[in-house]
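Worksheet: the structure to be examined is printed underneath.
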Amino acid sequence: MTRLSRDELSRFRGETLPDLLGPHTRLLFTGVNPGLSAVAVQAHFPRRGNRFYPALFKAGITDRLIDASAGFAPGDRDYLADRGIGITALVPTATARAAELRPAELRAGVGHLARTVARVRPRAVAVLGITAYRIAFATPKAVPGRQPELLAGTQLWVVPNPSGRNAHSSLADLAAAYREVAIAAGLELGPAGR
């Protein structure tokens, strides 16, 4: 897909991106909301500066590096689902930046997420980003890692947001956090640190 202009991307504002869920989802990664480019290419985390797929690979969660910048390649969705990986968002509607979301939208997203978790029944849910988590779950003092409460009977974790704008966490930090929650979810992992 060719690079879209800001005006072309703006037509995707408010649109949605289907969750990536399989019949055996063990680990449900939960982003804040889809970006405009994600809806445009119909793939989660497509921006080249986003470190989600490189972190999965470095953590040993996937055995290949997925490039979703032009949409998923044939077989990528099935590969992730077969690995037990699911992807959803707290807020299903697209914006140019997550910072555009109002706190009420994030809080309402918890109900959406809880219903998804109750239906899919993963072993662990990983919310990508402490700031969004604190607002959505009304826990201003929450820290990254496993949370003391469950969500629909499932372990709840907070891991670093993979956005290139999150300069606080290196790729190694992301991979380590993602690997920890993948182990808790019971995924079969390859070697870390690739």
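The values are calculated or read from the model by the stated rules, or taken from the named source; none is laboratory data. It should be emphasised that the depicted structure is a prediction, and the values quoted were computed from it without experimental measurement. FYI the Cβ positions are ideal-geometry reconstructions off the backbone, even for glycines, and counts take in every protein chain you see. Accessible surface is based on the protein model in full, side chains and every heavy atom, while ligands, DNA and RNA are left aside. Shrake-Rupley method; radii C 1.70, N 1.55, O 1.52, S 1.80 Å.
Could you compute Rg(Cα) / (2.2 N^0.38 Å) for the range 116-194, with N its residue count?
Against the compact-globule rule of thumb, the ratio is 1.12.
Hey, what did the chain get for relative contact order, percent, Cα under 8 Å, at least 6 apart?
Relative CO of the chain lands at 30 percent.
If you count only protein heavy atoms and use a 1.4 Å probe, how large is the accessible surface of Asp173, to the nearest 10 Å²?
That residue has around 70 Å² of solvent-accessible surface.
Taking 0.36 nm per residue of separation and subtracting the Cα-Cα distance, what length does fully extending Arg121 through Arg48 add?
23.2 nm
What net charge do the residues around Ala192 carry, taking every other residue with its C-beta under 9 Å from that of Ala192, with Lys and Arg at +1 and Asp and Glu at -1?
Local charge sum for Ala192: +3.
Tell me, what ³J(HN,Hα) does each residue in the range 77-93 have, in order and in whole Hz, if you take phi through Karplus 6.51 cos²θ - 1.76 cosθ + 1.60 with θ = phi - 60° and put x for Gly and Pro?
Going residue by residue, I get 4, 5, 4, 4, 4, 5, 6, x, 9, x, 9, 9, 9, 4, 10, x, 8 Hz, with x marking Gly and Pro.
Using a 7 Å offset from the Cα along the Cα-to-Cβ direction at both Ala138 and Glu100, what is the distance between the two label points in nm, to one decimal?
Inter-label distance under the simple model: 2.7 nm.
Can you give the helix-only mean residue ellipticity at 222 nm for the chain, where every DSSP H stretch with n ≥ 4 adds -39500 (n - 2.57) and the sum goes over all residues, rounded to the nearest 500 deg cm²/dmol?
Mean residue ellipticity at 222 nm (helix-derived): -9500 deg cm²/dmol.
What are the ³J(HN,Hα) couplings of the range 176-189, residue after residue, when phi is run through the Karplus curve with 6.51, -1.76, 1.60 and θ = phi - 60°? Round to Hz, x for glycine and proline.
5, 5, 5, 5, 4, 6, 5, 5, 4, 7, x, 6, 7, 10
Give me the number: length gained by fully extending Thr131 to Glu188, i.e. 0.36 nm times residue separation minus the C-alpha to C-alpha distance, one decimal in nm.
In short, 17.6 nm is gained.
Grab the alpha carbons of the range 17-79, take their convex hull, and tell me the volume per residue in Å³.
92 Å³
I'd like the carbon and sulfur percentage of the solvent accessible area for the range 1-105, probe radius 1.4 Å, heavy atoms only, ligands and nucleic acids excluded.
Exposed carbon and sulfur together represent 50 percent of the surface.
Tell me, in nm to one decimal, what length is gained between Ser10 and Arg165 on full extension, where the rule is 0.36 nm per residue of separation less the Cα-Cα distance?
Stretched out fully, the Ser10 to Arg165 stretch lengthens by 53.8 nm.
Taking R0 as 41 Å, what FRET efficiency do you get between Arg64 and Arg146 from their Cβ-Cβ distance, rounded to the nearest 0.05?
0.90
I'd like the accessible area for Glu180: 1.4 Å probe, protein heavy atoms, all chains in place, Å² to the nearest 10.
Looks like 100 Å² after rounding.
Counting DSSP beta bridges in the chain, what percent are antiparallel, to the nearest 5?
In the chain, approximately 25 percent of DSSP beta bridges are antiparallel ones.
Using a 1.4 Å probe, what is the accessible area per residue for the range 83-130, in Å²?
I get 42 Å² per residue for this part.
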